[in-house]
Amino acid sequence: MKARVPVVEIMSTSPVTISADATVAEAASIMRDKEIGSLVVLEDSRPTGIVTERDVVTKVAAANKSAKDTDVREIMTSPLVAVHPHQEVAEAAKVMAARKIRRLPVIKEGKLVGMITENDIIRVWPQLIEVTREWDRAGLESQFAKGVEGHCEACGVYSTQLVWDRNLLVCPECRGG
């Protein structure tokens, strides 16, 4: 295996964002034009969620809703699962595998500073994806996903110390509750 590599070394430093008040039609148009699969959702300049192509398909198109009449806020995934720029790439990959997601916003001090995707990891470290998926299947992810930065999935409070507890990323106050 390679030496420890921080997320900041391989992340994209210009993630594309959208307002929570924007329509799904606007989000889909941006994703198409920029040829990307997700947008980080901002509320009051703070990252609060993510909207993906899959969200558009499953929550709007398949539900027979109007993309022009549906706000991004209604379909975004929130709270946002994110990583810190100095977290190791291997740990970020384990979070992705455990959560079955392919993208992680990178947040430092509450501000969006980048995005790391499964493709970014594969490009620099191809064998890591399979390794992390094996750890997830073996139930070992909780030993590795420590100190994740983001919003607690139990109470919604922002924390730099989220840990796995019963398949949720939670703050120290919600742990075991």
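Throughout, read-outs are computed from the coordinates displayed, never taken from laboratory work. Just so we're clear, the structure is a prediction, and the values are computed from it rather than from any experiment. Here the Cβ positions follow ideal geometry from the backbone for every residue, glycine too, while neighbour counts run over all protein chains shown.
Listed values, structure above:
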| item | result |
| --- | --- |
| Total formal charge among the other residues, if their Cβ is under 13 angstrom from that of Lys34, Lys/Arg +1 and Asp/Glu -1 | -3 |
| In nm, spacing of pseudo-spin labels at Thr160 and Arg123 (7 Å Cα→C-beta vector) | 2.8 |
| Viscosity 0.692 mPa s, temperature 37 °C, Stokes-Einstein D of segment 71-122 from Kirkwood C-alpha radius, µm²/s | 283 |
